[in-house]
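The values are calculated or read from the model by the stated rules, or taken from the named source; none is laboratory data. Values in this document were obtained by computation on a predicted structure and should not be read as measured data. Counting neighbours? That spans all protein chains shown, and the Cβs are built from the backbone with ideal geometry, glycine included. These accessible areas exclude ligands, DNA and RNA; they are computed on the full protein's heavy atoms, side chains included. Shrake-Rupley method; radii C 1.70, N 1.55, O 1.52, S 1.80 Å.
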Amino acid sequence: GRDFLASRDLTINDQAGIELLFRFGGQGFTQRDRVVLFPTWDGRTLQARFVCLESHYRVMELLFDKVLHSIQQGPPRPASGAAQRVWQRVIEHPDDPDACIALATLYAQEGRPGPAEQLLLTALRLRPGHADTHDRLAFLYATARRPYRKPQDAVRIARKAVALQGSNPRHHATLAIACEAAGDRPGALAAARRAAALAPDDATYADLVRKLER
């Protein structure tokens, strides 16, 4: 039999859709079944289905996502240049942590923290000393919805990013956001002030300080 795992909303080429996840097994192996349904630009409904061995799912899911984002149906519409560039970077440089960060950011913007988390964790396995990857994972854990919202982990990982690259004001700002999510307002304010001191001409960090001082 096929076991239902979860459903979630997703966006494909600016079209809202739904995703259904199943698991089924037999003959000594387990498979994942991913079904995506979304309306096309010309009023039809498109179904895309992906089945693969569970042991290979994380690797193959990225390929399936690329297929989904390449689907063009109905009258032509302007493509998202930013999204296309992200995908091109991943295709050309699959081991580049910056490419993983860019795609993870796209996933997070689409409301898909699970794939974003997996990409960032994969990037850290490849480059454990990459400060920006730690920073983006910390930001994800500090701002995502449950069960991906993990404030204590966010603080720990943000501190790692600061330790690796303490001159980057964004890393201190992320630490501030993580501390606030974890309920540590003094720690958040101290980190925000440090970010503002490192980049006195950037109003973003000054605004963060003012927000935390209220």
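A 1.4 Å probe over all protein chains sorts GLU19, GLU213 by accessible area into GLU213, GLU19, starting with the largest. Each Cα pair under 8 Å and six or more residues apart adds its sequence gap; the mean of these over the residue count of region 94-167 is a relative contact order of 27 percent.
A probe of 1.4 angstrom, applied to the heavy atoms of all protein chains, finds ARG193 with accessible area near 120 square angstrom. Other residues within the sphere of radius under 10 Å centred on the Cβ of ALA123, judged by their own Cβ, net out at -1 (K and R +1, D and E -1).
Taken over the alpha carbons of region 104-194 as equal point scatterers, the Debye sum produces base-10 log I(q)/I(0) values at 0.10 Å⁻¹ of -0.22. With kT/(6 pi eta Rh) evaluated at 37 °C and eta = 0.692 mPa s, and Rh the Kirkwood radius from Cα pairs, region 148-214 diffuses with a coefficient of 287 µm²/s according to Stokes-Einstein.
The apolar share of the surface of region 169-214, taken as the fraction of accessible area on carbon and sulfur atoms (1.4 Å probe, ligands and nucleic acids excluded), comes to 52 percent.
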